[in-house]
Amino acid sequence: MKVIVSRDNPTFKQLRLLAEDAREQRRQGRTVLDGPHLVSTYLQRIGLPRLLVVSESGVDKPELLALLDRHRGLEPLCLRDSLFREISGTAAPVGILAVIDVPEPPPMAADSGCLLLDAVQDAGNLGSILRTAAAAGLRDVFLGAGCAGAWTPRVLRAGQGAHFSLAIHERADLAALIRSYRGRVLTTDVDRGQCLFELDLVGPLAWLFGNEGRGVAPELAALADARVTIPVASAVESLNVAAAAAICLFESVRQQRIAPGVPHA
């Protein structure tokens, strides 16, 4: 395999730029998967990546050797450990990266549940929400203006492979989606909504969650069919948006499972 030892190597410079710069990721329509779990998940659900990159010290690790054996159709690139650390976003990189083309999302599934995100800016929150959405059986996730880039390495790490089970639509017009959605649109409100556990959550739902600090923009919240409040102890002002999304989505899952006449997976 080809080994790169110099920081001046053009291929290394391109890899570092792609790993660090969200604008470059959007321009190229590509991103970087960091670590064996993401690389393996991509292989299982999507196929071969565009490029595999390993570190010098990672070449002989059994876990990575097994992954390389499954990528026999792709010759990996090897980076000196110091160069690999410059690209990897983790403190102790395992030693494998992949460059992939960002998947183009298919059209929204008709009458299905979905998730709408308004200016969720923290990469950890966004990745956690995507992971929860996949676990709850949703397919379509729409990211409005101000959201963190869904395909940045930090969000990918937090999502733990959930991206490859979802149709992720970035830079979406949330207002237009809410107006055209055939089911009910529910949004969270700290204290002015109906109690989550008293609502009927059976049927197609679009859940709208907002920014970590200001919540959902008022003009979007006004378009929702109902506002939902999660009851919390009086000493607590509100929940983290990722925690709130998990509670709402899985209360809906619970109700769907026990609803009479609703087929269960």
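Below are the figures for this structure:
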quantity	calculated
Subset of the stretch 131-143 [part of a loop (DSSP other than H, G, I, E, B) and touching a residue at least 60 places away in the same chain (Cβ under 8 Å)]	136, 137, 138
Conditions (1) more than 19 Å from the chain's Cα centre (by Cα); (2) modelled with pLDDT of 95 or more; (3) open to solvent by 20 Å² or more (accessible area, probe 1.4 Å): number failed by residue 30	(1)
Hits in the stretch 50-61 (condition: under 26 Å from the mean Cα position of the chain (by Cα) and surrounded by fewer than 21 Cβ atoms within 10 Å (Cβ to Cβ))	50, 51
Subset of the stretch 84-94 (residues that are touching a Leu at 6+ places or on another chain (Cβ under 6 Å) and either surrounded by 23 or more Cβ atoms within 10 Å (Cβ to Cβ) or closer than 13 Å to residue 38 by Cα (or both))	none
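Residues checked against (1) within 27 Å of residue 171 (Cα to Cα); (2) in a helix (DSSP H, G or I); (3) open to solvent by 30 Å² or more (accessible area, probe 1.4 Å); (4) in contact with a strand residue (DSSP E or B) (Cβ under 9 Å, 6 or more places away or on another chain):
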site	(1), (2), (3), (4)
3	no, no, yes, yes
8	no, no, yes, no
11	no, yes, yes, yes
15	yes, yes, no, yes
25	yes, yes, no, yes
38	yes, yes, no, yes
41	yes, yes, no, yes
63	no, yes, yes, yes
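Conditions (1) under 11 Å from the mean Cα position of the chain (by Cα); (2) open to solvent by 20 Å² or more (accessible area, probe 1.4 Å); (3) at pLDDT below 95, marked per residue:
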position: 104; (1), (2), (3): no, yes, yes
position: 114; (1), (2), (3): no, no, no
position: 119; (1), (2), (3): no, no, no
position: 134; (1), (2), (3): yes, yes, no
position: 138; (1), (2), (3): no, yes, no
position: 145; (1), (2), (3): no, yes, yes
position: 164; (1), (2), (3): yes, yes, no
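The values are calculated or read from the model by the stated rules, or taken from the named source; none is laboratory data. A quick note: this is a predicted structure, and the numbers were derived from the prediction, not measured. Reconstructed Cβ throughout: ideal geometry from the backbone, glycine too, with neighbour counts over all protein chains shown. We work out accessible area using only protein heavy atoms, side chains counted, and drop any ligands, DNA or RNA first. Shrake-Rupley method; radii C 1.70, N 1.55, O 1.52, S 1.80 Å.
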